[in-house]
Amino acid sequence: MIDETDTQILKELNWNCRIQVKQLAKIVHLTAPAVSARIANMEDQGIIKKYTLELDLEKVGLHRPVFIQVALEDPNRKNYLKVIHKYRNAIRQNYKTTGDMNYLVEGAFHNNDELNNFITDLEKIATYRVYDVLGEEF
């Protein structure tokens, strides 16, 4: 179980996972070794699973961010996962969902051709809906 201090540490790490422990310690009013111990404990418990980075998709050439809802036609998801793996560099997240669609894919493609290739492979095994991302408002 985590306490208020752990929650504050997680919020700061979520905002900037590269924050220095010394700086984080000042924010939560603890010593750096105490903060390091808390972070290590949350890693050991699986609360912190990984550290990631957020890309500016445009600056790395991924000009086609999309969300795609997928409904598998074949209950065997093996072929679907092969397609996802084939395009793993363009797939940012692949969520299993409830409802009439089985998955929600967050993708970022270099161009329309790359997106079209993915859709062409996907339509052989599933129905889908593509939602273009116009921008982020957070």
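The values are calculated or read from the model by the stated rules, or taken from the named source; none is laboratory data. Please read these numbers as outputs of a predicted model, since none were measured by experiment. We place every Cβ from the backbone using ideal geometry, glycine too, and count neighbours over all the protein chains shown. These area figures cover heavy atoms from the full protein model, side chains too; ligands, DNA and RNA do not enter into them. Shrake-Rupley method; radii C 1.70, N 1.55, O 1.52, S 1.80 Å.
Ordered by residue, what ³J(HN,Hα) values in Hz, to whole numbers, does region 120-134 give under the Karplus form 6.51 cos²θ - 1.76 cosθ + 1.60, where θ = phi - 60° and Gly and Pro are x?
Once rounded to whole Hz, the list reads 4, 5, 5, 5, 6, 10, 7, 9, 7, 9, 9, 10, 6, 8, 8.
Count the net charge of all other residues whose Cβ sits under 15 Å from the Cβ of Ala71, scoring Lys and Arg as +1 and Asp and Glu as -1.
Once all neighbours under 15 Å are counted, the net charge is 0.
How many angstrom lie between the Cα centre of region 72-138 and the Cα centre of region 1-60?
With region 72-138 and region 1-60 each reduced to a Cα centre, they are spaced 31 Å.
Give me the angle, in degrees from 0 to 90, between the Cα long axis of helix 32-44 and the longest principal axis of the Cα atoms of the chain, rounded to the nearest 10.
40 degrees
Which trypsin sites (Lys or Arg not before Pro) in region 1-43 sit in a loop by DSSP (not H, G, I, E or B) and have at most 13 other Cβ atoms within 10 Å of their own Cβ?
Sites meeting the loop and neighbour criteria: Arg18.
In Å and from the alpha-carbon atoms only, list the Rg and Dmax of the chain.
Values for the chain (Cα only, Rg and Dmax): 19.6, 57 Å.
Can you give me the accessible area per residue for the chain, using a 1.4 Å probe, in Å²?
72 Å²
Can you list the GluC sites (Glu not before Pro) in region 88-138 that are in a DSSP coil and have 16 or fewer other beta carbons within 10 angstrom?
Listed in order of number, the matching sites are Glu123, Glu136, Glu137.
Classify region 41-111: rounded, prolate or oblate, from the alpha-carbon gyration tensor (a ≥ b ≥ c, eigenvalue square roots; a/c under 1.5 rounded; otherwise prolate if a/b is larger than b/c)?
oblate
Using only the alpha carbons of region 17-72, determine the length spanned along each of the three principal axes and report them from longest to shortest in whole angstroms.
47, 31, 14
Quick one: net charge around Gly107, please, counting Lys, Arg +1 and Asp, Glu -1 for every other residue with C-beta under 12 Å from its C-beta.
After counting each charged neighbour, the total is 0.
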